[in-house]
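Colleague: Just passing along the structure, written as structure tokens.
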Amino acid sequence: MAAPVRGMAGSTSIGNTTSFQKKTRSKLVSIPGTRPSVQNGQLLVSSGVSSLDYVIGGGLAVGTLLLVEEDRYDSYSRMLLKYFLAEGVVCGHELFLASARDHPDEIMQELPSPIVDDVAGMKISDGQSQPSDPENPDTMKIAWRYQNQPRVQTVLASSVRFGHYYDVSKTMEPELRQAAKCHSFYQLQETPVTTGSSPLPSPYHALLKSIQTVIRKEGFDGSTPQSKVRNVLRLGLHSLGSVLWGDDVCCKDNPAHCHALTTFLYTLRGLLRTSLSVAMVTIPSHLIQSRAVMGRIIRLSDTAIAMESFRGSEKETNPLYKDYHGLLHVRQLPRLNCLSCEMPNTKDLAFKLKRKQFTIERLHLPPDLSETVSRVSKTELAAGCGSTAMGNKHLDF
């Protein structure tokens, strides 16, 4: 007997009703000059130096702080800051530059010029080792025992290109630089503000207020909708902790404002976490007397690196470091959405400034090609291994 039509219709409608829904992939935020991290899905921006991006895990995560310990002459740390700002100009990001020594406009005028793709490919190939032809006798430049050893890959680069390349011998065109929206903070031109019960000195308090105003006014915290496309704010804070910022952490063993810089960084990270912004802060760590204060500063940052320049030191004339201009020390890597961070393959890193490019490479010592090599004499070897009553003899294995 056939079932009633009404029952069939009712069962059909009940069968189509279900509490299970198809899981759709959430849409990622599409911002020019960014990409998601393959480790934790965090949105990344480039620091402007592709080899530095490789070292710190693929790039700078949006909402984090990169701490750069300056070298003694502030040459290479300042260059990293200019790379960071130049990448923001090319990607169309908004900039915020604060300084107490040089005017922000002077730093912006020193930004390196971006180079085209074909020239960039040539620059990368220059840093990589070229395969040698075993049939060509001119390629035999080293001792025979090193001929069959694998070549050391010094260039640090990922398989997927991220960021741009720049020519440090040229400055960025004024038209390109002026097209970027840049907010500046020059401490010497700022009027002192009353901090009240705040533990921060007046310059730090004014700087935080200026950063907070830009983030809220431009809508980077989501309070006000941005214009057509969403954008990222790049913060460049130059030489915090110096005397020009009203901080005595670099002058005394027991400074009166020992918690001023750490309080500033703690508040700054709170602003970064709740906004589409990323910051690079440079600090003259070699002037900070207290190691405990410096340790707290590093722990309050997400990523921390140190630049050790060979200029003016004994390593400048050391033949082992003749191909490099300094060492790069990784103090801390970010732990985002995970319990551990991705460590680089090696911690022996060095940087060099070529004629047109700044690169970070793996530090490796060249083979010893000298004809006279100091070796332990046979007598000392026999005496060290063991001696008999008949005299020193070689051990027979």
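Colleague: Can you give me the convex hull volume of the Cα atoms of region 279-351, divided per residue and expressed in Å³?
Modeller: 119 Å³
Colleague: Considering amide H positions built from the backbone, and no H for Pro or chain starts, which residues 5 or more places from Asp167, or on another chain, come under 5 Å of its amide H?
Modeller: Correct list: Ser113, Ile115.
Colleague: Give the peptides 320-327, 249-256 in descending order of average Cβ contacts within 10 Å, highest first.
Modeller: Top to bottom by mean Cβ count within 10 Å: 320-327, 249-256.
Colleague: Kirkwood Rh over alpha-carbon pairs of region 48-97, then Stokes-Einstein at 37 °C and 0.692 mPa s: what D in µm² s⁻¹, rounded to an integer?
Modeller: After rounding, the answer is 277 µm²/s.
Colleague: Where Rh denotes the Kirkwood radius from the mean inverse Cα pair distance, what is Rg over Rh for region 168-320?
Modeller: Ratio value, two decimals: 1.02.
Colleague: Follow-up question, since we're still on this one. At a 1.4 Å probe radius, which order do Cys341, Cys182 fall into by accessible area, largest first?
Modeller: Cys182, Cys341
Colleague: How would Thr303, Thr267 rank on accessible area, largest to smallest, probe 1.4 Å?
Modeller: Listed by decreasing accessible area, they come as Thr267, Thr303.
Colleague: Let me ask something else about it. Using packing as a proxy for protection, rank 51-61, 309-319, 291-301 so that the peptide with the highest average count of other Cβ atoms within 10 Å comes first.
Modeller: Per-residue Cβ counts within 10 Å, averaged per peptide and sorted highest first, yield 51-61, 291-301, 309-319.
Colleague: Run the quick spin-label model on Glu106 and Arg296: label points 7 Å from Cα toward the beta carbon, then report their separation in nm to one decimal.
Modeller: About 3.2 nm, to one decimal.
Colleague: Still on this structure, I have one more. Tell me which of Thr346, Thr317, Ser285 sits at the most positive position along the dipole axis of region 271-348, charges placed on C-beta atoms (Lys, Arg +1; Asp, Glu -1).
Modeller: It is Ser285, whose Cα lies furthest towards the positive end.
Colleague: Just the number, please: carbon plus sulfur as a percent of the accessible area of region 190-335, 1.4 Å probe, no ligands or DNA/RNA counted.
Modeller: 52 percent
Colleague: Using protein chains only and a probe of 1.4 angstrom, how many square angstrom of Glu106 are accessible, to the nearest 10?
Modeller: Roll a 1.4 Å probe over it and Glu106 shows about 100 Å².
Colleague: What residues have an amide H closer than 5 Å to that of Val62, excluding those fewer than 5 places away on the same chain, when H is modeled at 1.01 Å from N in the peptide plane?
Modeller: Leu43, Leu44, Val45
Colleague: A further question follows. Largest first, what is the accessible-area ranking of Lys170, Lys181 with a 1.4 Å probe?
Modeller: Sorted by accessible area, descending: Lys170, Lys181.
Colleague: While we're looking at this one, here's another question. Quick check: from the Cα gyration tensor, does region 267-318 come out rounded (a/c under 1.5), prolate or oblate?
Modeller: Here region 267-318 falls in the prolate category.
The values are calculated or read from the model by the stated rules, or taken from the named source; none is laboratory data. It should be emphasised that the depicted structure is a prediction, and the values quoted were computed from it without experimental measurement. Cβ: placed from backbone, ideal geometry, glycine included. Neighbour counts: every protein chain shown. All accessible areas refer to the heavy atoms of the entire protein, side chains included, with ligands and DNA or RNA removed. Shrake-Rupley method; radii C 1.70, N 1.55, O 1.52, S 1.80 Å.
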